[in-house]
Amino acid sequence: MSTLTNPIGRISAFVRWVARTPWPVFTLGMVQSDIIGALFVLGFLRFGLPAEDRIQLQDLPAVNLAVFLGYLFVAFTVGAYLSLRLLLPVIRWQRRDTLLADGDPTITGLARVRALKMPFYRTLISVSNWLLGSIVFIVASWPVASKSAPVVAVATALGATATAIIGYLQSERVLRPVAVAALRGGVPENFRAPGVILRQVLTWVLSTGVPLLAIVLALVASKFAILTAPAERLNTPLLLLAIAALVIGLAGTVLVAMSIADPLRQLRWALGEVQRGNYNAHMQIYDASELGLLQAGFNDMVRDLAERQRLRDLFGRYVGEDVARRALERGTELGGQERDVAVLFVDLVGSTQLASTVPASEVVNLLNEFFRVIVDTVNRHGGFVNKFQGDAALAIFGAPIEHPDASGAALAASRELHDELVTVLGQTEFGIGVSAGRAIAGHIGAQARFEYTVIGDPVNEAARLTELAKLEAGHVLASAIAVSGALDAEALRWDVGEIVELRGRTMPTQLARPLVRATPSGRIQIGHDAAT
């Protein structure tokens, strides 16, 4: 019993799997298109001709009718067998992909080509069956249609054409999920599917060419006495053919329009997603036609855009968003230009000793939090952090983007930075120095490796002020020139003091300190309301 149950269970599971694939609908579509073509031929021979010339198939000898019906059975069986043989690599690949838990993205070249060419193979099999079937039908119907054999041949050819076109357009749409899976790795080389122009031509042949040829056939047959009925008796058959042209033309046009509109609709959706910043938008490649190449090209473009955006984001994190944007817009070249800038320098006290007494992971966390506060504060005031130097940071205001009040922004940032660093660092000391003046801002280095930076006396002065600020209770010092260059709203918050000579500078510097107040806990606070 177990030996029977297991094979039966496998067959049952396979049947259930097949039912979830497009192949049952594909098979029904084959039968449907053949039925439509047969109805067209029989309808034309039975109703598309005058009553005097209609082929009375019911008068066929039973043997002839049995031969023709037997051919239909054999042709359908052979067609189904050939289709199954062609589909075996595709079904094996699909089945393996379904059974594996994580899916199997690999697909053999044979399975890919078979999956993409199946609509063409199906059409070729159908046309071959119709070609042989027309010969069998003419021979079988010879006793009742010997005089109309040319009409039967042409009508059968038109029916085969209609069947082939309807079958191709229908199977191409039904098998779209299979084509999408087969094209995940891209369009195979040297493979092309019928494009938009060919599809439109096929639609014209189906909707206009076939019915009009049938009408022309009827008129020519009447004129050359192939038909015995007079020409005025063709009005009703011609009307029926015109109605058939309208119906078939509508069906064919809808199929072709959907094959073109579906990828365009998906493209419009994907474009909207990319415009909203979603670079994960991905189009399914429907076929290997111009539309499929358009979809594949769009996917390549989005991948390139995502890569460029990732590099731009990474570039911006290293050099600053403003520098990155300016470099992308205007390009980069070595050299610089003089700019009026304000410089803010921040440095920790005793970080070397801290690294020797505290685990490295804690030092890294402290530095990351230290630099986070600096970046957030400087960004809020319109500056950019030019570089990190160990446990120090250099921020620039007024370059590369001009600032309406570079000195005021740097001074305000230093006061706010003091209050936040006191909270974040706890007992760890630091110093903040602010300077302003003319400096060279630009790309410095070699052609193969350079960076955007600012060089000049304000940078040196800010670094020396930072060293001096480490010894101050308020931890913040600025030059009087920086205060004098700020707007009154910020300048009034600073107190100009003594003149000193900073190490490494020949020019004396007049110091400025922010006005401070003591909190109830006794801690010195430098805030926005310190002047009050």
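General remarks:
- Elements of the type strands (runs of 3 or more DSSP E) sitting completely within the range 402-503 and holding at least 1 residues that are closer than 19 Å to His381 by Cβ and small (Gly, Ala, Ser): these cover 430-446, 476-479.
- Applying the condition of being at pLDDT below 85 and charged (D, E, K, R) to the range 357-390 and asking which residue is farthest from Ala441 (Cα to Cα) yields Glu362.
- Top-ranked residue in the range 47-56 [being assigned to a helix (DSSP H, G or I) and either modelled with pLDDT of 70 or more or of a type in the set (A, V, I, L, M, F, W, C) (or both); ranked as farthest from Ser171 (Cα to Cα)]: Ala51
- Qualifying residue in the range 120-140 (condition: farther than 26 Å from Leu219 by Cα, of a type outside the set (Lys, Arg) and at pLDDT below 75): no
- Checking each residue in the range 360-385 for being of a type in the set (Gly, Ala, Ser) and either in a helix (DSSP H, G or I) or outside the structural domain of Glu402 (by TED's automatic domain parsing) (or both) picks out Ala360, Ser361.
- Selection of the range 215-240 for residues being modelled with pLDDT under 70, surrounded by 15 or more Cβ atoms within 10 Å (Cβ to Cβ) and among the aliphatic types (A, V, I, L, M) yields Ala218, Ala221, Ile226, Leu227, Ala229, Leu234.
- Matching residues, the range 270-279, being in a helix (DSSP H, G or I) and either surrounded by 12 or more Cβ atoms within 10 Å (Cβ to Cβ) or in contact with a Pro (Cβ under 6 Å, 6 or more places away or on another chain) (or both): Ala270, Leu271, Glu273, Val274
- Only one of the numbered conditions (1) surrounded by 15 or more Cβ atoms within 10 Å (Cβ to Cβ); (2) touching a strand residue (DSSP E or B) at 6+ places or on another chain (Cβ under 6 Å); (3) modelled with pLDDT under 75 is not met by Gly335, and that is (1).
- When Leu492, Leu502 are screened for being farther than 17 Å from Ala409 by Cβ, at pLDDT 55 or above and not polar (S, T, N, Q), only Leu502 passes.
- Residue within the range 290-307 that is assigned to a loop (DSSP other than H, G, I, E, B) and at pLDDT below 75 present: no
- Single unsatisfied condition, Val144 versus (1) modelled with pLDDT under 80; (2) loosely packed, with under 15 Cβ neighbours inside 10 Å; (3) over 33 Å from the mean Cα position of the chain (by Cα): (2)
- Residue in the range 147-155 that is modelled with pLDDT under 75 and closer than 30 Å to Val196 by Cα present: yes
Quick grid of which residues meet (1) surrounded by fewer than 23 Cβ atoms within 10 Å (Cβ to Cβ); (2) modelled with pLDDT of 85 or more; (3) under 42 Å from the mean Cα position of the chain (by Cα):
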position	(1), (2), (3)
Ser407	no, yes, no
Glu416	yes, yes, no
Asp419	yes, yes, no
Thr423	yes, no, no
Gly426	yes, no, no
Phe430	no, yes, no
Gly433	no, yes, no
Gly442	yes, no, yes
Phe450	yes, no, yes
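- Filtering Asp34, Asp59, Asp97 for residues that are charged (D, E, K, R), at pLDDT 75 or above and in contact with a helix residue (DSSP H, G or I) (Cβ under 9 Å, 6 or more places away or on another chain) leaves a single hit, Asp34.
The values are calculated or read from the model by the stated rules, or taken from the named source; none is laboratory data. Predicted, not measured: the structure shown is a model, and the values here were computed from it. Glycine also receives a Cβ, built like all others from the backbone with ideal geometry; neighbour counts cover every protein chain displayed.
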